[in-house]
Amino acid sequence: MGAELRAVGAILRRDFRLLCRHPLNFVNLILLPLYQFLIPSLLLGAAFLVNGRSVGLARTAGTDDIAGFLFVGAAASSLGFGIFWGVTWAIKREVDTCTLEQAWLTPTSRETLVLGSALTSLAVSSVAGVVLFAMGGIIFGAHYSARIALGVPALLLLLVSLIGIAFLVAAVVLRVRQPNFLIDTTSYLFVVTSGVLFPIAVLPAFLKFAAFALPTTYGLDLLRAGALGTSPLLPVVWEYAALGVIAAGLVAIGRWTFLRTERRLRVQGSLGSY
Amino acid sequence: MLAADLRAFYAAALKEWRIMRRYPTVFIGILFWPLILPGVYVLQANGFGAGDGQALHAFAARTGTLQVAGFLYVGGAIYMWLSVVLWGPGSALREEQTRGSLEQQFLTPVSRLVLLFGSAPAHLVQAFWMFLVIGIVLGTLFHVPIGAGTAVRALVVIAISVPAFLGLGALFAALVLRFKEVNGTVQLLRGVFQVLCGVTFPIVVLPLWAQAIAVTLPPTHVIADIRSVVLSGASLPSLAPDLLVLTGLSALMCVMAALVFQRCERDSRRNGALGQY
């Protein structure tokens, strides 16, 4: 166990060292959501303002604070995108540089290798999320309540769920080999269906069902309820229960899928091929 | 000489088309993103509008239309066209550079225009395929009336816009050749156009200084003109002044691209950086 923790620490150090070599990538983690969806969304919202107030959003989301609604969403979405892309790049990098098999030969458990990359991704995207959250308040006029602290347990459960997703992503990347399009579309749909950009209330019924199966929907909803005073989609206890069940389920399914995929690829001898 | 260049241009276009056909996921992507991206903004607009009469009136007053989905899908289509141009012709020279075949191409006795624009026709096919799909979706799912006349007028506006986008792609290609960074530059440039050109919003909600910049960018005019044609039934003569401005901007863009390309090529050849990456 101690050795595995040291391995996780080593992976974290390695990934942070790589990140420091490419600081523009970190800056892009903040700038990209800002100019690709936050500012366009704020301006679209401005087109619907009546006397400076978003009456529509007040009706569908329970708050007329467009900036607050979007920037809390952006902070949560950075975790989602972070886990999808962080794990994808980590494994793709090993495959492309032909070092995956060597890493697999070390006496470290395979799950530890994925876990290390997942933790780096979550750490980096958490920092990006906090920066976006702060920018929302300081530059774009979002008003947050201190009651957002009540959403911290939800955030922790969300992080556990995302670890489960990291295992699933790792399995897909190992299996598909050219996963960019798949990861791009899946991560986008995962994040968007959670209500990052719009209230869940406007989703068609079949997509609402999908939204209620995603951990980010509950995590984001509880964070918004704390920060903006919106009404949660379900009673808070139910949301925590759902989030707990989904987190446990995702970790179990994700780990099982990853180990099964990894074993199959080892048997086929195609682990390092691309 | 011209005939030889035309043959080379045809060969370059054919080569790009063949490469494109080998990656069928490109065509799935070209269906997925133009439908999903604006669709997300339509849902967002539903959240902002919520069927509230006052909010929808405010939107109509600022955009000149109540067709929210049409407004967003037209913007989305032009944004995707821009993406196709930047990732396609805009990145073509850089791709040759990373493959190590750029210097060989520069040694051939063809016009530099062939190298700059040779990949464009294949990507135009891609863009027209995307416009067709978006047109069908707007007509069938969102009941935006697009008759034959409207489609022809929209195609005329698109045809007039082609040089502007080609110029933009060529200018980008020249700059990428110089600075050697595609991904970050494409993301940045797309972001700038998305924020300034009114892809998802009317530019009247921008601050005045940003509006002043927006009107100097060709995509702003293309988006506005196609919205006028598709959503308000505007005739081509009524758009003539704007189309003239667009033509002027296109010419300016192409001249700038040629000058920047010439400069970048000369510098790269002098310092031997043409084939470096």
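Details
- Cα→Cβ-extended label distance, 7 Å offset, between A:V267 and A:D96, nm: 3.1 nm
- Taking the charge dipole of chain A about its Cα centre, with +1 at Lys and Arg Cβ atoms and -1 at Asp and Glu Cβ atoms, the residue from A:L259, A:L156, A:H22 reaching farthest to the positive side is A:L259.
- Positive-end residue, chain B charge dipole about Cα centroid, Cβ charges, pick of B:S228, B:W129, B:L72: B:W129
- Ordering of B:196-202, A:156-162, B:247-253 by burial proxy (mean other Cβ atoms within 10 Å per residue, highest first): B:196-202, A:156-162, B:247-253
- Protection proxy ranking for A:194-200, A:212-218, B:9-15, using the average of other Cβ atoms within 10 Å per residue and placing the highest first: A:194-200, A:212-218, B:9-15.
- At least 18 Å along the helix axis (C-alpha) and Kyte average at least 0.5, DSSP helices within chain B: B:25-49, B:68-87, B:120-140, B:148-179, B:183-196, B:218-232, B:236-270
- Alpha-carbon centroid distance for the pair the range B:10-58 / the range A:75-136, whole angstrom: 28 Å
- Look at the stretch A:34-40: the mean tally of other chain Cβ atoms within 10 Å of its residues' Cβ atoms is 6.
- Order of A:I246, A:I39 under a 10 Å beta carbon neighbour criterion, fewest first: A:I39, A:I246
- Annotation note: chymotrypsin sites (Phe, Trp or Tyr not before Pro) in the range B:149-206 located in DSSP loop regions with a Cβ neighbour count of at most 16 within 10 Å are absent.
- For the segment A:54-64, counting C-beta atoms of other chains within 10 Å of every residue's C-beta and taking the mean gives 5.
- The range B:129-277 - charge dipole about Cα centre, Lys and Arg +1 at Cβ, Asp and Glu -1, debye rounded to 20: 380 debye
- Remark: chain B carries a charge dipole of roughly 580 debye about the Cα centre, counting +1 on each Lys and Arg Cβ and -1 on each Asp and Glu Cβ.
- Mean separation of Cα contacts under 8 Å (6+ apart) over length of the range B:178-227, as relative contact order %: 31 percent
- Inter-chain shielding of B:199-205 (mean C-beta neighbours from other protein chains, 10 Å cut-off): 5
- Cα centroid separation - the range B:131-165 against the range B:175-223, whole Å: 22 Å
- For chain B, the mean residue ellipticity at 222 nm estimated from helices alone is -27000 deg cm²/dmol, where every DSSP H run of n ≥ 4 contributes -39500 (n - 2.57) and the total is divided by all residues, rounded to the nearest 500.
- Placing +1 on the Cβ of every Lys and Arg and -1 on the Cβ of every Asp and Glu, with nothing else charged, gives the range A:2-268 a dipole about its Cα centre of roughly 520 debye.
- As a rough guide to protection, the peptides A:135-146, B:223-234 ranked by mean Cβ packing within 10 Å, highest first, stand as B:223-234, A:135-146.
- When the range B:2-269 is described by a simple charge dipole with +1 on each Lys and Arg Cβ and -1 on each Asp and Glu Cβ, the residue from B:L155, B:G47, B:W87 located farthest towards its positive end is B:W87.
FYI, it's all coordinate maths here, none of it is from the lab. What you see is a predicted model; the values in this text were computed from it and never measured. Every residue, glycine among them, receives a Cβ derived from its backbone with ideal geometry; neighbour counts consider all protein chains shown.
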